[in-house]
Amino acid sequence: MFAMYLVCVLHVLGQGGVVVNTEKLSVNYMVAWAVTLFAYISVDCFALTSGYVSYKSKFKPRRIIELYLIVLFYGVVFLILFSVLNKENFSLNNVLLTVFPSLKKTNQLYYWYFTAYLILFMLSPFINYIINAFDRKKLAYLLLILLVMFSVIPAFMQTDYFHTTSGYSYLWIITLYFLGAFLKKYDVFRKIKSYKLFLLLCASVAFTVCGHIMVNIYYSKYSNIDIESQSLVLSNRYGIYSNFLKPSMFANYTFPTTVISSVLLMGLFSKIRIKSTFLQNKIVSFIPLVFSVYIIHTNKFIFEQVIAGLFEGYAELNPAFLALAVLGSALVIFIVCIMIDMLRFELFKLLKVDKLCLFIENKLIKLWNIIFEKKSGDIK
């Protein structure tokens with residue numbers, strides 16, 4: 001839930017237009033980027049948590065079927081709503097994007113996490129088999145290879161050799177799934193005190209923020225153009241360091257300190273013990289609604305026609321008020337999306353969508369058995 005809230009913070013700052021409208025290297029710029037870089041760990045936390053809690057789970061196709069139906073439901077609802085407001089929104093391209101969000105190619109990374117999660121889910125039986133079959137040494141070696149390939153090398157060479165596109169990739173989500181499962185399987189956080197995790201988290205985030213600001217100060221001495229857009233047009237005129245330091249290098253899901261911060265944050269939350277049964281039940285009841293916060297507020301129409309530039313005025317506020325306004329707006333988005341999805345949840349319950357998903361799952365299993373001549377008991 002906290003990670004999803006940070007996703008909302010990230011989108012208020014980014015898509016909402018706060019970061020790009022702050023004066024370069026001003027106090028507001030530094031505050032906006034400090035919050036942004038902390039919020040960047042949210043996506044990694046989501047993927048880590050998936051591995052942390054799911055590596056022993058059985059493969060149940062109905063879960064991804066239900067998730068797709070949620071995506072389809074909101075896609076259709078918002079397509080109809082925005083088409084009524086503006087008939088130009090109703091087009092073949094938007095219809096295809098609504099029905100096939102993971103297959104229709106777009107210029108922007110539309111529902112990229114849903115697509116990455118879909119691939120992760122389909123591969124999860126094999127991934128979980130590896131996690132449970134490998135001993136600590138083998139799993140650690142596999143993790144080392146993945147992290148060096150997808151995090152360390154791109155960070156130090158500033159080249160996307162393995163096409164993880166700064167973490168917007170199923171390859172990176174799968175890597176984090178492995179890492180989260182490793183942390184849980186060997187109870188890595190058990191002997192680490194909470195205050196140590198907190199101090200390390202603060203140090204890691206501070207290093208990321210300071211690194212980002214220092215690199216951008218370096219480039220500001222050489223150019224008057226928008227330093228946030230230089231990452232793709234750098235040349236040797238910026239000195240030898242330009243081969244290894246890029247203006248947006250720290251704003252990256254795969255950057256080592258982002259990964260470290262996400263691990264530390266998850267470790268910190270793993271130490272929390274909620275004794276209240278009432279509070280436990282409330283949290284559990286909200287869990288099925290959390291992913292819909294992402295589905296709702298990043299829907300093509302909401303993201304591009306409502307959220308885009310909506311909060312750019314915050315860039316002119318006092319630094320403290322800027323931070324509070326961003327955090328407050330993200331909380332409003334989170335709560336509103338939860339409230340909307342509570343209605344969807346009740347509608348799905350009324351329509352018995354869970355039984356439909358189970359029916360489809362059973363049909364898929366029967367089809368699998370027919371094709372591969374396996375008994376249903378062999379499907380795990």
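Here is how the numbers come out for the structure above:
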{"read-out": "Listed pairs Lys60/Lys349; Lys275/Lys349; Lys58/Lys275; Lys87/Lys352 exceeding 22 Å between Cα atoms", "value": "Lys275/Lys349; Lys58/Lys275; Lys87/Lys352"}
{"read-out": "Cα-projected label distance for Leu199 with Met122, points at 7 Å along beta-carbon direction, nm", "value": "4.7 nm"}
{"read-out": "Angle in degrees between helix 61-85 and the longest Cα principal axis of the chain, rounded to the nearest 10", "value": "60 degrees"}
{"read-out": "Portion, in percent, of the accessible area of the chain that falls on carbon or sulfur, probe 1.4 Å", "value": "68 percent"}
{"read-out": "Relative contact order for the chain, counting Cα pairs under 8 Å that sit 6 or more residues apart, in percent", "value": "32 percent"}
{"read-out": "Estimated FRET transfer efficiency when R0 is 56 angstrom, pair Arg136-Leu327 (beta carbons, to 0.05)", "value": "0.90"}
{"read-out": "Global form of segment 240-379, assessed from the alpha-carbon gyration tensor, a/c cut-off 1.5", "value": "prolate"}
{"read-out": "0 to 90° range, to nearest 10: angle between helix 136-147 axis and the chain longest Cα axis", "value": "50 degrees"}
{"read-out": "Computed Kirkwood radius, in angstrom, where 1/r is averaged over Cα pairs of segment 16-115", "value": "17.0 Å"}
{"read-out": "Label-to-label distance, nm, for residues given as Ala206 and Met1 (7 Å Cα→Cβ offset)", "value": "3.0 nm"}
{"read-out": "Among Leu48, Leu351, Leu118: highest mean-square fluctuation, GNM of the chain, C-alpha pairs under 10 Å", "value": "Leu351"}
{"read-out": "The chain - charge dipole about Cα centre, Lys and Arg +1 at Cβ, Asp and Glu -1, debye rounded to 20", "value": "1740 debye"}
{"read-out": "Estimated inter-spin distance, Asn318 and Lys349, nm [label 7 Å along Cα→Cβ]", "value": "4.5 nm"}
{"read-out": "Links that overshoot a 20 Å alpha carbon limit, given the list Lys137/Lys184; Lys138/Lys184; Lys56/Lys282", "value": "Lys56/Lys282"}
{"read-out": "Ile283/Val76 FRET efficiency (R0 51 Å; Cβ-Cβ; nearest 0.05)", "value": "0.95"}
{"read-out": "Folded to 0 to 90 degrees: helix 112-133 orientation relative to the chain principal axis, Cα", "value": "70 degrees"}
{"read-out": "Stokes-Einstein diffusion coefficient of the chain, Kirkwood radius over Cα pairs, 10 °C, 1.306 mPa s, in µm²/s", "value": "70 µm²/s"}
{"read-out": "Leu92-Glu23 FRET efficiency (beta carbon distance; Förster radius 30 Å; 0.05 resolution)", "value": "0.10"}
{"read-out": "Of Gly313, Leu13, Ser166, farthest towards positive along the dipole that unit charges on Lys, Arg, Asp, Glu beta carbons give the chain", "value": "Ser166"}
{"read-out": "Whole-angstrom gap from segment 114-151 to segment 287-313, using each part's C-alpha centre", "value": "30 Å"}
{"read-out": "In Å, descending, principal axis extents of the Cα set of segment 148-208", "value": "37, 29, 17"}
{"read-out": "Accessible area expressed per residue, the chain, with surrounding protein chains retained (probe 1.4 Å, Å²)", "value": "55 Å²"}
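The values are calculated or read from the model by the stated rules, or taken from the named source; none is laboratory data. Because the structure is a prediction, the values reported are computed rather than measured. Neighbour counts run over all protein chains shown; Cβ positions are idealised from the backbone, glycine included. The area values use the complete protein model at the heavy-atom level, side chains included, leaving out ligands, DNA and RNA. Shrake-Rupley method; radii C 1.70, N 1.55, O 1.52, S 1.80 Å.
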